[in-house]
Every structure is written in C-alpha cells, then in structure tokens.
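Coordinate-derived values only; no laboratory data. Small disclaimer: the values here were computed from a predicted structure and weren't measured. Glycine also receives a Cβ, built like all others from the backbone with ideal geometry; neighbour counts cover every protein chain displayed.
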Amino acid sequence: MHMLSKSKAKFIRSLQLRKYRQKYHKIVVEGIKILNELLDEYPECITTICVQNDWYTQYADSDSTSHEIIRVSEREMQQLTSFKTAPPVLAVVEPFFSHAQLEDVTSGLCLYLDAIRDPGNLGTIFRIADWFGIRSIFLSPDTVEPFNPKVIQSSMASIFRVKWAYAELKDLVSDTELTVLAATMDGKPMSDFGEMKNGLLVLGNESRGVSDEALNIATDCVSISGHMKLGAESLNVAVAAGILCAHFQLMSGES
C-alpha cells in the first residue's frame with residue numbers, strides 16, 4: 001500500500017486537462033465498473049489505482065508490479081476527481097484504443113461525428129455503437145477528445161472496445177463510391193432507408209447540425225419523424241444516434 005503524496009495528487013489532477021494527458025501519455029478512469037473491466041481485460045495498462053478507505057480491501061489483492069495501490073480518504077478523492085461526487089476508486093491508465101481504418105467504411109456501417117462538442121454525448125454515442133455492433137467511429141478534427149474523463153465515464157469503457165480515429169470526411173470518401181447518409185431535420189424519412197451494409201452515417205453538432213461541407217459530400221439525408229408541434233424542436237444527437245442505429249440494425253435482419 002502507498003500513501004498519496006502531494007506530487008502524485010498534483011499529477012493526477014493535471015490529467016483533467018488534455019495538454020497534460022498528451023504530455024504524459026496518461027489518462028484517468030473513474031468508477032468501479034470501468035476499473036474492474038480494465039483489471040479483467042487490460043491490467044497491464046493500469047499504472048496507479050487510488051482507493052477510498054472503505055473500498056481498499058476489495059482492491060488490495062490487485063496490487064502488482066505493474067501498478068501501485070494508493071489508499072486515500074474521501075476528502076483526498078474529492079480533490080482528485082473531475083466529478084462532483086467522489087468515486088470509490090479511480091485509476092491512472094496508459095491510453096490505448098484500436099485505430100479505425102479507411103477500409104472499415106467499405107466493410108460495415110460506420111459513424112462519422114461532425115463537431116460533437118459535448119463529452120457526455122460523445123461517450124453515449126460510443127456506448128450506443130458498442131451495443132449495436134458498430135465497430136468503427138470517425139471523428140472530425142473539432143470533435144471533443146475521447147479520452148476526456150466525462151467521455152470515458154459516459155461511454156462505460158466502450159471507447160476501449162470500439163475502433164476510432166480522427167479524420168476529415170472528404171478523405172474517407174475521396175476514392176470510393178460510398179453511401180454517406182447525413183442525419184438532418186429535413187431529410188427523407190428513416191423508413192425510406194433499408195439496410196446499410198457499409199458506408200457512413202453522419203451525425204452533426206449539437207446546435208448547428210451537420211456542417212455544410214459534410215452535407216455537400218453526403219449522398220443522401222435521413223430524418224427521424226416526430227411530433228414537433230408538441231414543442232420539441234429537435235432530438236439530442238445521442239438519442240438520434242440510438243434511434244438510427246436501431247433502425248439500421250433492424251433493416252439488416254440482426255437482433
């Protein structure tokens with residue numbers, strides 16, 4: 001068992017900022033479920049585990065040469081966490097992910113996220129893709145970073161299972177005759193579209209929607225019918241992602 005030093009606490013807190021995650025090549029994951037999954041599947045990537053006193057015995061046996069266990073008080077954990085409520089555990093992890101490849105867009109349905117800025121939305125979309133078996137997500141350069149702590153938390157570790165990469169949409173479709181379907185408010189009804197064996201489903205920014213550049217590249221536009229007269233002007237982008245992914249899974253005959 002190790003004690004939390006001031007320098008270690010400062011280092012962990014610094015990882016809340018992207019520039020330090022990139023500088024030190026480390027990220028923070030928080031919460032029991034995500035940490036237990038990493039311990040089961042990727043223990044070699046964990047360098048430090050901080051555990052509140054009441055939970056220490058559950059993780060004491062996981063101490064190894066690859067990572068240290070630090071016992072902390074609730075007050076110390078509150079100083080380390082990026083969330084309002086301190087989690088029982090958090091860990092410092094070497095970031096890892098599977099890199100999405102250009103050929104993925106011709107072998108299955110992929111998502112393209114166009115300037116998604118909210119970490120909670122991005123994490124939820126990763127989780128949705130994981131649930132529906134969509135194995136690759138491409139991100140526009142101005143989409144929020146997947147290793148943001150709030151993205152990791154809301155994805156429930158799906159960012160470690162779904163392949164992803166930053167890419168310009170034009171670079172993904174430049175040399176291929178590819179279906180690129182943009183989700184918009186005024187597109188064709190979702191029911192008009194059948195199975196998408198491959199291609200890209202483009203989901204746009206929370207306030208502006210799909211960019212003009214992406215719309216110019218898209219081969220068609222799809223919309224989700226609703227009763228806007230009741231008051232709602234639009235759907236949350238993650239909700240829209242879930243509905244569209246469920247539709248295309250149904251059209252593929254999978255369940």
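Annotations for the structure displayed:
- Label-to-label distance, nm, for residues given as Glu145 and Glu94 (7 Å Cα→Cβ offset): 1.9
- Selected from Gly120, Asn216, Val144, residue furthest toward positive end of dipole (the stretch 104-221; charges at beta carbon): Gly120
- Per-residue extension of 0.36 nm, minus the Cα-Cα distance of Gln58 and Ser5, leaves a gain of 16.9 nm for this segment.
- Panel note: the C-alpha atoms of the stretch 2-93, placed on their principal axes, show extents of 33, 28, 22 Å (largest first).
- Taking every alpha-carbon pair under 8 Å whose residues sit at least 6 apart, the chain reaches a relative contact order of 18 percent.
- Long-range lysine pairs (8 or more apart or interchain), the stretch 2-93, Cα under 19 Å: 9
- Calculated diffusion of the stretch 102-252, Stokes-Einstein form, Kirkwood radius summed over Cα pairs, 10 °C and 1.306 mPa s, µm²/s: 104
- The label-point distance for Lys197 and Gln101, in a model that sets each label 7 Å from Cα toward Cβ, rounds to 2.0 nm.
- Amide H partners (placed H, <5 Å) of Tyr112, local residues excluded: Phe138, Leu201, Val202, Leu203
- Largest-first principal axis extents, alpha carbons of the stretch 105-161, Å: 31, 23, 14
- Simple Cβ-charge dipole of the chain, Lys/Arg +1 and Asp/Glu -1, about Cα centre, in debye nearest 20: 1100
- The modelled label-to-label distance for the pair Asp212/Val239, using points 7 Å beyond Cα in the direction of Cβ, is 2.9 nm.
- Computed FRET value (nearest 0.05) for Leu250 with Thr47, which takes r as the C-beta separation and R₀ as 45 Å: 0.60
- Of the trypsin sites (Lys or Arg not before Pro) in the stretch 102-211, the ones in a loop by DSSP (not H, G, I, E or B) with at most 13 other beta carbons within 10 Å are Lys197, Arg208.
- Computed helical MRE - 222 nm, the chain, DSSP H runs ≥ 4 contributing -39500 (n - 2.57), nearest 500: -9000 deg cm²/dmol
- Loop GluC sites (Glu not before Pro), the stretch 168-255 (other Cβ atoms within 10 Å of the site Cβ: 15 or fewer; DSSP): Glu168, Glu177, Glu195, Glu206, Glu233, Glu254
- Measuring spread by the Cα atoms of the chain yields a radius of gyration and Dmax of 20.3, 61 Å.
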